[in-house]
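Enquirer: Here it is, the structure, as structure tokens.
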Amino acid sequence: MGKKAKKESETPCKDMFEAVPVVCKTPATLVLLLSSPEEDILIKTCEAIHTFAEKGDENKVCLLRLEALKPLCQLISHNNKLVSRNAFMALGIMATSGDVKSALKKINVIPLIINKLLEVVHEFATLCLASLSVDFTCKVQIFANKGLPPIIQLLSCPDPDVKKNSLEIIFNLVQDYQCRLAVHELGVIPPLLELLKSDFPVIQKLALKTLQNITTDKETRITFREEQGFEKVIDILNNMDFSDLHAEALQVVTNCLCDDECIQLIHKGGGLTKLMDFFLTPNMPEIKSGALKCITMVAQNSENCKLLHEQNVEKILVELLCVADTGVKASTCQAVAAMSLHESSNNRFRDLGGIPALVEGLNSESLVLREAATQALSNLTHSNKLSAFAVYEAEGHKILVQQLYGNCPKTIANAAATLGNMARHEVIRCSILSHGAIQALVEPLKSTDTQILVSTTLCLAMLACDAEARTQLRSAGGLHPLVSLLESNHKEVLHNACLAVNVCASDKSTAMEMFRFGVLEILQEINQSVNRRSSFSELAMINLINSNLSVKYSLTGHLASTDIICDGFYDAGKVCALLRLYATEIISIINEDKHKDETQAESHTEKPWKMMDDDSLHVLVKEAKKSILPLKEQEQYAALARLVSEAMGGAVEIENLHQFPWVLHLKKLKHQLQSNVIPIGLIKNGIYCHRALLFKCLADCIGISCTLVRGEYNRAWNEVLLFSENLSSNGCSSQPCNYIVDLMHEPGNLLAVNTTAAVQYQTILTNNVV
């Protein structure tokens, strides 16, 4: 045996070629013959390669290694149609191999195939494109080289293999949105509907799958409906001989039910009854799931949901919640979620015992089922007290808390929403908190998923109305992420975060913690923004500063009679928008016999500093209780004004005000204390702002009402509400009237607001720097 023959016999190929007129028996020789100038040899060689490649992937790979692709791709454009035909046959068979497919992508053969698509053997040209079209890059090439029009044209070809291959190409291409729009414009709907009549189930199924994909587009659905496509698909559902196509047909119907016109069609044609018949189909979970998806779509509309309610669909759905197949259960939960948005169906699900079955679904290993079950429970408990208690009685809240630790964003969001719905009821709320709900909410508060944030912030707002919940939130480190959410640009997240902050602000310790995280500055910025401010942010701001009267007075310059000053209050003067202090001293209220709180302050020595007890203030409080309380109401205010005046340097004539040594006195106190924090009882020469603060403090301590109002230039004053008949100077009316209390010039004088005397006094309070 010669060297050449020996070499050929060692080629690693599984099968030898059938006898051909060309004298050769190895694939290597046949690949060489692809370069022959003789057309007869080319025809026979391509045919032999086709036959060899048909026998398995191993042979296809063998031809690939022998570099058969390049000459075959050249031969598909040969002038001899038979050569071109046989080359396409060989190439089409080889393209079904994954390795060959990858190699063809690099050769850029798609434009060549499309150019010859309607001229040669369609079966193998479309087979080749069908194999390549599963790849994204090839899809782009087919579309870019205008491959869709001839492929759609081939849907009407009499050859079933060509139809099948063309359908596969179109199905692969319409996974892309741009191609879906293009096939609609190219008129693909009529030939696809015609293929539903095919004698070949594989073609019918491919046509339905393609319709399922393209009917997700609204304009395509309109054309589909105009071509009576909906009726034709319903006909398939009504024909039990086509039961193997029902799953795909139901998917198409589901898409179409996005449109009210199709819902009316299915209702008039008795389609709803037919859908419910599918629920009874034994051992066909895919079909049941398809029918359930249709029900879900129908139930989106309240009028349609009434139709389902009238046919007692809820009873069937509750039964399906107990089947073994998790896919059917998940689809059932989705249908329940859609229908339970309507009160009549919601109540029927509860009365039929559907809620325990849904709670059971929370324990499933299936992520899809858990997500669908939480969605159903969220909808059922929304504004429905009885359903909320039904979930509670089934101990669903315990499992829902655990779902907050999961990895599925939708499940977490749904679980939080359900817990928030249930937490509106105190008994349930206490139980939810006892199972660690607050701790479980902290991590979701840090999520970047919008729906999680919407649900968790609202849930937190519902739970945080409980004092213990606020304590748990502080301990779990939940306040920082909550405050951070105030910077969200998502409207609903921002509103819910404001609501949660508003609830948390009712607790002073929690409010102080939020102050540390900059909540006040953030809320100020929000309320100054035209686009971001809302009643939620304004309410949060009001409640937040109400929890800290020192901050409230600094920001608003006003304390109402209901704002009771207590130990620890301080006046730092006016504050700018972002709470930067512009005060030269801070006047504090320390009213305890033995003050235990330690305040860390930085002096020039940078050593810890302890606030001293304000014994002088304590003496004033005792004196006020002893001498003021026994008096009549109007006399109480006048006497208290005189007491304050005496404690702070006495009456000062207006013309002598500039000589009053209050500034030097405060400087000496700050030097003596080595701090700019001055207990108010130590101030013996006080101006308007000091006297008004002391008056408010003493009035609150002994239980009489007054306001505190800050003016400009170290001015401040108090207003009290009295019946004018109580005053001997004006006893003709019994209507209550506001009076300004003079603490500086004629201590004890009460000036009715809006009178000449009051206006003159207010002019003094607003003019010149003292």
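The values are calculated or read from the model by the stated rules, or taken from the named source; none is laboratory data. Keep in mind it's a predicted model, so treat the numbers as computed, not measured. Note that each Cβ is placed from the backbone with ideal geometry, even for glycine, and that neighbours are counted across all protein chains shown. SASA here: full protein model, heavy atoms, side chains in, ligands and nucleic acids out. Shrake-Rupley method; radii C 1.70, N 1.55, O 1.52, S 1.80 Å.
Enquirer: Among His658, Leu308, Cys465, which residue has its Cα positioned farthest towards the positive end of the charge dipole of the chain, with +1 placed on the Cβ of Lys and Arg, -1 on the Cβ of Asp and Glu, and the dipole taken about the Cα centre?
Expert: Value: His658.
Enquirer: Next question. In the chain, if the dipole is taken from +1 on Lys/Arg beta carbons and -1 on Asp/Glu beta carbons about the Cα centre, which of Leu91, Leu362, Met514 is farthest to the positive end?
Expert: Final value for the positive-end residue is Leu91.
Enquirer: Now, a different point. For the chain, with only Lys/Arg (+1) and Asp/Glu (-1) charged at the beta-carbon, what is the dipole magnitude about the Cα centre, in debye rounded to 20?
Expert: 1420 debye
Enquirer: Let me ask something else. Can you tell me which of 257-267, 707-717 comes out highest on packing, and rank the rest after it, using the mean Cβ neighbours within 10 Å?
Expert: Peptide ranking by packing, descending: 707-717, 257-267.
Enquirer: Once neighbouring chains are kept in place and the probe is 1.4 Å, which whole percent of the accessible area of the chain is contributed by carbon and sulfur?
Expert: After summing per-atom areas, the C and S share lands at 51 percent.
Enquirer: Further question: In whole Hz, what ³J(HN,Hα) sequence does the stretch 144-152 give by Karplus (6.51, -1.76, 1.60; θ = phi - 60°), x for Gly and Pro?
Expert: Result, ordered by residue: 5, 8, 6, x, 5, x, x, 5, 4 Hz.
Enquirer: Long-range amide H contacts for Ile678: which residues qualify at under 5 Å (H placed 1.01 Å from N, peptide plane, sequence gap of 5 or more or a different chain)?
Expert: Close amide H contacts, sequence-distant or interchain: Ile586, Ile587, Ser588.
Enquirer: Moving to a separate point now. Would you work out which of Leu317, Gly477, Cys333 lies farthest towards the positive end of the dipole of the chain, given +1 charges on the beta-carbon of Lys and Arg and -1 on that of Asp and Glu, about the Cα centre?
Expert: Gly477
Enquirer: So, one more: What does the net charge come to around Leu640 if you take all other residues with beta carbon closer than 15 Å to its beta carbon, with K and R at +1 and D and E at -1?
Expert: Around Leu640, the surrounding residues sum to -1.
Enquirer: Check the straight Cα-Cα distances from Lys106 and name the aspartates and glutamates below 19 Å, setting aside those fewer than 8 residues away within the same chain.
Expert: In chain and number order, the partners are Glu67, Asp135.
Enquirer: Please report the relative contact order for the stretch 21-107, taking Cα pairs under 8 Å with a sequence separation of at least 6, and give it as a percent rounded to a whole number.
Expert: About 30 percent, as a whole number.
Enquirer: Over 29 Å between Cα atoms, which of Lys164/Lys268; Lys670/Lys696; Lys232/Lys410; Lys55/Lys197; Lys55/Lys116; Lys209/Lys306 qualify?
Expert: Pairs exceeding the cut-off: Lys164/Lys268; Lys232/Lys410; Lys55/Lys197; Lys209/Lys306.
Enquirer: Right, here's the next one. Given N residues in the stretch 21-107, what is Rg(Cα) / (2.2 N^0.38 Å)?
Expert: Here the answer is 0.97, to two decimals.
Enquirer: So if each residue of separation counts as 0.36 nm, and I subtract the Cα-Cα distance between Ser509 and His658, what length gain in nm does that give?
Expert: 49.4 nm
Enquirer: Probe of 1.4 angstrom, ligands and nucleic acids ignored: what's the accessible area per residue over the chain, in square angstrom?
Expert: Accessible surface, normalised per residue, equals 46 Å².
Enquirer: Next question, about the same structure. Quick one: grab the alpha carbon gyration tensor of the stretch 302-428, order the square roots of its eigenvalues as a ≥ b ≥ c, and give me rounded if a/c is under 1.5, else prolate or oblate depending on whether a/b is larger than b/c.
Expert: Since a/c reaches 1.5 but b/c is at least a/b, the shape of the stretch 302-428 is classed as oblate.
Enquirer: Which whole-number percentage describes the relative contact order of the chain, with Cα contacts under 8 Å and a sequence gap of 6 or more?
Expert: 4 percent
Enquirer: Here is a follow-up. Using mean Cβ contacts within 10 Å as the protection proxy, how do 333-342, 399-408, 415-424 order, highest first?
Expert: Listed from highest to lowest mean packing, they are 415-424, 333-342, 399-408.
Enquirer: Give the peptides 521-527, 378-384, 619-625 in descending order of average Cβ contacts within 10 Å, highest first.
Expert: Top of the packing list down: 378-384, 521-527, 619-625.
Enquirer: Whole-Hz Karplus ³J(HN,Hα) for the stretch 308-316, in order, using 6.51 cos²θ - 1.76 cosθ + 1.60 and θ = phi - 60°, x for Gly and Pro?
Expert: Residue by residue, the stretch 308-316 yields 5, 4, 5, 8, 6, 5, 4, 4, 5 Hz.
Enquirer: Here's a follow-up. Provide the convex hull volume over Cα atoms per residue for the chain, in Å³.
Expert: 279 Å³
Enquirer: What distance in nm separates the simple spin-label points at Lys622 and Asp235, each placed 7 Å from Cα in the Cβ direction?
Expert: Calculated label separation equals 10.4 nm.
Enquirer: Next question. Based on the alpha-carbon gyration tensor of the stretch 183-267, what equivalent-ellipsoid semi-axes (square roots of 5 times the eigenvalues) come out, in whole Å, largest first?
Expert: 18, 16, 10
Enquirer: Which whole-Hz ³J(HN,Hα) couplings does the stretch 54-60 yield from phi under the Karplus relation 6.51 cos²θ - 1.76 cosθ + 1.60, θ = phi - 60°, glycine and proline marked x?
Expert: After applying 6.51 cos²θ - 1.76 cosθ + 1.60, I find 5, 7, x, 5, 4, 6, 5 Hz.
Enquirer: Put a dot 7 Å past each Cα toward the Cβ at Glu365 and Ser475; how far apart are the dots in nm?
Expert: If labels sit at Ser475 and Glu365, their model points lie 3.6 nm apart.
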